[in-house]
Amino acid sequence: MPPRAPRVITRGEGVWLTDSEGHRIIDGMAGLWCVNIGYGRKELAQVAARQMEELAYYNTFFQTTHIPAIALAAEIAKLAPGDLNHVFFAGSGSEANDTNIRLVRRYWDVKGMPWRKTIISRWNGYHGSTMGGGSLGGMKPIHAHGGKIDGIEHIDQPYWWGEGGEMSEDDFGLARARQLEEKILELGPHNVAAFIGEPIQGAGGVIIPPKTYWPEIQRICDQYGILLIADEVITGFGRTGNWFGSQTFGIKPHIMTIAKGLSSGYQPIGGSIVCDEVAEVVGGGGEFFHGYTYSGHPVAAAVALENLRIMQDEHIVDHVRDVAHPYLKARWDALTDHPLVGEAKLVGLMGSIALTPNKATRAKFPDDANVGYRCRERCFANDLIMRAVGDRMIIAPPLVITTAEIDILIDRAKKSLDECWQGLKADGLV
Ligand SMILES: *Cc1c(COP(=O)(O)O)cnc(C)c1O
């Protein structure tokens, strides 16, 4: 791919970005899936300034804590389903997943089963870019740059459009979930600590699993007594039309990874929400020698708390479920009328379209045609940020997007698809 000078983003307001050349760009990706309440909310800046003046920093080691961390943990426990009542803070989603690796292994140690160490994950899942997060993830290019830690095994992803062949979506969802059972039996159930998955794979291309998938994964985790970790870094905090993606898919995890939308990206913060039983077991084992200097940083925690206040006071999750999703869904699905678009998927405000030269056979373009990249370039030229993952184009706009802004997003997407199609025709690729 040709090198290209980076675009310099200078301002943000609502769903809109401005660059150094004065373009007004509609941000179909909420930054990197995180600016859920939109850009430019002054309340968050004011809370940050106030917190810095009062207590800029303190740590949560050595039996100390501070009010923003206490208040934020309580608020998260209130919003999280079931008995997910305890929060271990980190500075990012990657750090939180590193915490999860140590936490689930420690859990089994304290339970007297130190042999339960292996964590099962999915190919093309994304769990971050640290050594632990990158290893949990199933992205081979990431493994190729720096390696992969031991004790992590991968099964195939529930990507029906790309890998389902002749199977029905439902049968395929079951088959892919049953790979978890096969992997557990292959490894020996007594060696398996946990399974981790994103309710919807985000960075992997917004892969929305068939409806049969998660119930079967849940059944298998329950049957073999292994811990279930839902990586909610993208799907948490309203993205799917509920507070958590686990609620949308009926998943009952022991641990949730959170970050991104927790603070709407205004401050770096992440964490692991842990259920009562895991917290009690790990807590019962004495001190857990783990934590980060910036775990629960008071400024980040105060900003996240203000973000959650705005989310609730302005009924933003209801807006996603009742207004923005239904409106976008109708227009998003209609993109399949375009000759280039095979399928269109959308849950809440997280969507993807598959670009294909043949809808009937769900064919792929040759890799070196870089069709996703070409389409992204057209979006850029039309002042729309839509990301490409292979030949899938994906969106996750700020949750506050209005119906009028959805119209603009769709109009720009269609124009970009048209121009991409013309370019492919000119180059003999369709
Ligand atoms: C972004 C992401 C992460 C990593 O979070 P960082 O804050 O970038 O470290 C982990 N899991 C998922 C599902 C993500 O999308």
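The values are calculated or read from the model by the stated rules, or taken from the named source; none is laboratory data. Please read these numbers as outputs of a predicted model, since none were measured by experiment. A quick note on method: Cβ atoms are made from the backbone with ideal geometry, for glycine too, and the neighbour counts reach across all protein chains shown.
Table: residues versus (1) in the same structural domain as Gly93 (by TED's automatic domain parsing); (2) in a helix (DSSP H, G or I); (3) among the acidic types (Asp, Glu); (4) under 22 Å from the mean Cα position of the chain (by Cα).
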position: Val299; (1), (2), (3), (4): yes, yes, no, no
position: Val303; (1), (2), (3), (4): yes, yes, no, yes
position: Asn307; (1), (2), (3), (4): yes, yes, no, yes
position: Val320; (1), (2), (3), (4): no, yes, no, yes
position: Ala324; (1), (2), (3), (4): no, yes, no, yes
position: Leu328; (1), (2), (3), (4): no, yes, no, yes
position: Trp332; (1), (2), (3), (4): no, yes, no, yes
position: Leu335; (1), (2), (3), (4): no, yes, no, no
position: Pro339; (1), (2), (3), (4): no, no, no, no
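Among the residues of segment 391-405, are any in contact with a strand residue (DSSP E or B) (Cβ under 7 Å, 6 or more places away or on another chain), outside any helix (DSSP H, G or I), farther than 21 Å from Gly205 by Cα and of a type outside the set (Ser, Thr, Tyr)? Yes, because at least one residue in segment 391-405 is in contact with a strand residue (DSSP E or B) (Cβ under 7 Å, 6 or more places away or on another chain), outside any helix (DSSP H, G or I), farther than 21 Å from Gly205 by Cα and of a type outside the set (Ser, Thr, Tyr).
Any idea which of Ile149, Ile184 is in contact with a Ser or Thr (Cβ under 6 Å, 6 or more places away or on another chain) and touching a residue at least 12 places away in the same chain (Cβ under 8 Å)?
Ile149
Per-residue answers, yes or no, for (1) in the same structural domain as Asn124 (by TED's automatic domain parsing); (2) closer than 16 Å to Pro158 by Cα; (3) in contact (Cβ under 8 Å) with a residue 12 or more places away in the chain; (4) over 15 Å from the mean Cα position of the chain (by Cα):
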| residue | (1), (2), (3), (4) |
| --- | --- |
| Gln201 | yes, yes, yes, no |
| Lys211 | yes, yes, yes, yes |
| Ile217 | yes, yes, yes, yes |
| Asp231 | yes, yes, yes, no |
| Ile234 | yes, no, yes, no |
| Phe237 | yes, no, yes, no |
| Asn242 | yes, no, yes, no |
| Thr248 | yes, no, yes, no |
| Ser263 | yes, no, yes, no |
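Inspect segment 89-103 for any residue being in the same structural domain as Gly283 (by TED's automatic domain parsing), assigned to a strand (DSSP E or B), farther than 16 Å from Gly225 by Cα and out of contact with any Cys (no Cβ under 8 Å at 6 or more places or on another chain) and give the result as yes or no. Scanning segment 89-103 turns up at least one residue that is in the same structural domain as Gly283 (by TED's automatic domain parsing), assigned to a strand (DSSP E or B), farther than 16 Å from Gly225 by Cα and out of contact with any Cys (no Cβ under 8 Å at 6 or more places or on another chain).
This table checks each residue for (1) farther than 25 Å from Arg116 by Cα; (2) of a type in the set (Gly, Ala, Ser); (3) within 14 Å of the ligand (Cβ to nearest atom).
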{"site": "Thr212", "(1), (2), (3)": "yes, no, no"}
{"site": "Pro215", "(1), (2), (3)": "no, no, no"}
{"site": "Ile229", "(1), (2), (3)": "no, no, yes"}
{"site": "Phe244", "(1), (2), (3)": "yes, no, yes"}
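From the residues in segment 260-291 that are outside any helix (DSSP H, G or I) and touching a strand residue (DSSP E or B) at 6+ places or on another chain (Cβ under 6 Å), which one is farthest from the ligand (Cβ to nearest atom)? In this case the residue turns out to be Cys275.
The single condition from (1) farther than 25 Å from Ile119 by Cα; (2) within 15 Å of the ligand (Cβ to nearest atom); (3) of a type in the set (A, V, I, L, M, F, W, C) that Ala302 fails is (2).
Pairs meeting the criteria (first residue in segment 371-398 and under 14 Å from Thr356 (Cβ atoms) and not assigned by TED's automatic domain parsing to the domain that holds Tyr126, second residue among the aliphatic types (A, V, I, L, M) and not in a strand (DSSP E or B), beta carbons under 6 Å, at least 6 apart or on different chains) are Asp391/Val371; Met393/Met386. A residue that is closer than 20 Å to Ile184 by Cβ, of a type in the set (A, V, I, L, M, F, W, C) and without any contact (Cβ under 8 Å) to a residue 60 or more places away in the chain occurs nowhere in segment 59-75.
Scanning segment 15-48 for residues that are under 15 Å from Ser263 (Cα atoms) and more than 20 Å from the chain's Cα centre (by Cα) yields Gly40, Arg41, Lys42, Glu43, Leu44, Ala45, Gln46, Val47, Ala48. Does Glu181 satisfy the condition of being of a type in the set (Asp, Glu), more than 16 Å from the ligand (Cβ to nearest atom), modelled with pLDDT of 95 or more and surrounded by 17 or more Cβ atoms within 10 Å (Cβ to Cβ)? So Glu181 passes the test. Listed by position, the helices (runs of 4 or more DSSP H) contained in segment 120-230 that have at least 1 residues being polar (S, T, N, Q) are 131-136, 169-187, 213-224. The condition of being of a type in the set (Gly, Ala, Ser) and more than 30 Å from Ile353 (Cα to Cα) holds for only one of Gly147, Gly128, that being Gly147.
Residues checked against (1) within 30 Å of Tyr57 (Cβ to Cβ); (2) crowded, with 20+ Cβ neighbours inside 10 Å; (3) of a type outside the set (Ser, Thr, Tyr); (4) more than 11 Å from the ligand (Cβ to nearest atom):
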| residue | (1), (2), (3), (4) |
| --- | --- |
| Lys78 | yes, no, yes, yes |
| His86 | yes, yes, yes, yes |
| Arg122 | no, yes, yes, yes |
| Met131 | yes, no, yes, yes |
| Leu136 | yes, yes, yes, no |
| His145 | no, no, yes, yes |
| Asp150 | no, no, yes, yes |
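In the set (1) within 16 Å of the ligand (Cβ to nearest atom); (2) polar (S, T, N, Q); (3) under 30 Å from Thr403 (Cβ atoms), Thr18 fails one condition alone, (1).
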